[in-house]
Amino acid sequence: MARLKALSPDEATGKTKELFNAIQSKLGVVPNMMRTMGNSPALLQGYLDLNNTLAHGLLGAKTGELLALSIAEKNNCDYCLSAHSYISEKLVHIDGSSIINARHGNAADAKTDAVLKFANVLVAKKGLVDGSDVDAVKAAGLSEGEIGEVVGHVALNILTNYFNNTVNTDIDFPVAKSLQAVEA
């Protein structure tokens, strides 16, 4: 059961109502995470802005989804795993084996694999990476801008993972459980 209330789009007012209307027009629905974030219009606006900006960045939507899956797995966020598994398959058209590989922090493409591995190092080291970590991802062909965007994606996904894990957001996508939970 959710620990915070997901606001009804029909009952929202002010800035939250404006944001819900924009989400509804773009997605056709206001997902539970966003409905719950709507309790703080500043949080919802910040999330939407960073998400939109990174979606149009150097790494692209596919890599962004693979990052979201890998980071959600590291943080045991079933809401984000469910949402991004659905988005990856249905909207970005990523195949099932690539989705599972990303959840394990791997990718068939060498550059994408380096991105996921670097993201996992960032999560594991809480951002306190060293020069060899950065040198490894540079050697894999990432530009300094792309490396910066990986950090941005990690931060964005930690925000949503921690938010959903704190709230215990009701999952409104086909459910995907953390591989750690499934293997236990």
Leading residue at positive end of dipole, the chain (Cβ point charges), from 173, 53, 127:
173
Express in whole angstrom the spacing between the alpha-carbon centres of the range 101-150 and the range 1-71.
26
Got a sec to turn the phi values of the range 30-37 into Karplus ³J(HN,Hα) couplings, 6.51 cos²θ - 1.76 cosθ + 1.60 with θ = phi - 60°, whole Hz, x for Gly and Pro?
10, x, 4, 4, 5, 4, 7, 4
If each DSSP helix of 4+ residues adds -39,500 (n - 2.57) and the sum is divided by the residues in the chain, what number results at 222 nm, nearest 500 deg cm²/dmol?
-20000 deg cm²/dmol
Lysines with Cα under 26 Å of residue 111, excluding same-chain neighbours fewer than 8 positions away:
62, 74, 90, 125, 126, 138
Most packed first (mean Cβ within 10 Å per residue), the peptides 115-127, 80-92 order as 80-92, 115-127
Ranked highest first by average number of other Cβ atoms within 10 Å, how do 29-41, 67-79, 145-157 line up?
67-79, 29-41, 145-157
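Each value in this text was obtained by applying a stated rule to the coordinates, not by laboratory testing. These numbers were taken from a predicted model, which means no experiment stands behind them. No Cβ is skipped: glycine too gets one built from the backbone with ideal geometry, and neighbour counts run over all protein chains shown.
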